[in-house]
Amino acid sequence: MRQFVLKTVVVCLVALVGPTSSRAQQVTVMHWNVHGNLGTFSAQSGPEALAIARILNYLQPDVFLINEVADGAATTNTIAITQWVSTNLPYLASGSYYVSVSTESSSIQRNAVISRYPVANTFTYPDVSSGLRGMFSFQLQLAGTNRLQVFYVHLKCCSDGSSCQTKQDEADLFSGEMADFAATNGSPYIFAGDLNEDNLNPECTLSATYHPIDTLITNGGLAEFKPTTLSGEYRTWSTASTPSIRFDYILAATNRLAPTSGFVFSTKDWAVHGLYTNASAQNLTSDSATASDHYSVFVTYNFPTGTVALAVSPASAFASSGNQGGPFTPTNQIYTLSNISASSINWAATKTANWLTLSATNGNLAGGASTNISVSLNVNANSLSAGNNSDNVVFTNLSNTGDSITRAANLTVNATAGQLAVTPVSGFTFAGLAGGPFAPVSQTYTLSNSGN
């Protein structure tokens, strides 16, 4: 009964965002700051871990991302979580499942993943050496050729001055690391975690220098997505009272992956709607509050079969400058288009500005192949007025709708320096008898600025 009711809710939400391919693979990702209640045998022996298990068995996410693993060595965490899954999560334990834990030294900063899909290329960024929290990244090997890159973090908490600066520093660093990945890899990716900040109710005062959520979204190439409870509540902290702030996020890369549905999960809210507690006598209205001080977030994505991906490098924009009329430096930028899948793809490149020229505007790339495209200035640039000119060059994978990568093109035209011109160029020559008169008696010179 529980599965039927829950699936009915999800299907209704999917219908609101449009149809999905019948061949698509559906993957549900759940993020939860478990407040140290998973990761050691001691932590997992309490009522908190049992409440977590009841919720997971109800929602049955394919991928469970965990913030704040219990204190202990990473190997201890891995063994304990693996044992906990086999004992408490029959929906996963009945098949293959995979557990991986980051190598952060602090449990508050340590993250983990439980997945029904193989977890590959795990890496904990060594940002802790600079006093920041290291991001945990890995690749989920989904069905067929589908892959999902995951970046998982737990940003610095609190609102004192040093914490605010650290939070922004982490956002700058993590978004840059995602941008570096996106520049050379066309795979879809998500960014998730307890970000300890909410633009609508900020812990630290938002300013030109402090805006970590916007930094992550803009520089990390992410799209905002704000799931809610069934009653419309988007805030995720705290479970002890009425939620007051949104700390928990799952965001997908723009133009690479889009959610079909998503929720903030509250057992109390689900029970109000006649759900969760009706699925089992063991499911309690208070389970979310028992499990953690955070509510969990879960999002569902659809992956088309046979996904093929386009990568473009470098990640930098084409930036040129010079005086009005030219010359401009540099005159061009070479971009390398790479097909990182096994299947061939058709691609197209477009721009709008008439002062830009593309060496090619379309083509085909075999699996694993690459080609160079030159974005260059043409003679029209010489006629531009002083000022800043910009355009976007968009590289599109025509074999995978929605897979496009943009590189900015910026041309700064400087006004030429002011130059004094005097006419006529001849000197003033006059003549006459001693005592005068003299002729001519005057010479008019015209002074003008021949610059801009």
Legend entry - Highest-first arrangement of 153-166, 263-276, where packing means the average Cβ count within 10 Å: 263-276, 153-166
Legend entry - Length added when fully stretched, Ala73-Gln26, from 0.36 nm per residue minus Cα-Cα: 13.6 nm
Inset, instruction - Would you work out the relative contact order for the chain, in percent, from Cα pairs under 8 angstrom that are 6 or more residues apart? - result: 13 percent
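Hey, can you rank 323-336, 110-123 by average C-beta count inside 10 Å, highest first?
Details: 323-336: 14.6, 110-123: 19.7.
Those peptides, ordered most packed to least, come out 110-123, 323-336.
Applying a 10 Å radius around every beta-carbon, put 54-64, 224-234 in order of their mean neighbour count, most first. The partial results should precede the final answer.
On the way: 54-64: 22.0, 224-234: 14.5.
In descending order of packing, they fall as 54-64, 224-234.
Considering every pair of different Cα atoms, what Kirkwood radius, in Å, is found for the stretch 268-412? Present the calculation step by step, with values, prior to reporting the outcome.
Numbers: mean 1/r = 0.0524 Å⁻¹.
Computed over Cα pairs of the stretch 268-412, the Kirkwood hydrodynamic radius comes out at 19.1 Å.
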Legend entry - Dimensions in Å of the stretch 30-165 - Rg and Dmax from alpha carbons: 15.0, 49
Inset, instruction - For the chain, find the longest principal axis of its Cα atoms and tell me its angle to the long axis of helix 47-59, 0 to 90°, nearest 10. - result: 70 degrees
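So what is the relative contact order for the stretch 310-414, in percent, with contacts set as C-alpha pairs under 8 Å and at least six apart? List each step's numbers first, then the result.
Values: 251 pairs, mean separation 37.1, N = 105.
For the stretch 310-414, the relative contact order is 35 percent.
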Legend entry - Value in Å of the Kirkwood radius, where the stretch 383-434 supplies the Cα pairs that are averaged: 17.1 Å
Legend entry - Base-10 log of normalised Debye intensity for the stretch 149-297 (one unit scatterer per alpha-carbon) at q = 0.14, 0.16, 0.20, 0.21 Å⁻¹: -0.72, -0.89, -1.19, -1.26
Inset, instruction - Could you pull the Cα extents of the stretch 2-303 along its three principal axes, largest to smallest, in whole Å? - result: 50, 45, 37
Inset, instruction - Report the calculated FRET efficiency for Thr423 and Asn388 (r = Cβ-Cβ distance, R0 = 35 Å), to the nearest 0.05. - result: 0.55
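Each reported figure results from applying straightforward, stated rules to the coordinates on display, with no laboratory input. Just so it is clear, the structure is predicted and the values come from calculations on it, not from any experiment. No Cβ is skipped: glycine too gets one built from the backbone with ideal geometry, and neighbour counts run over all protein chains shown.
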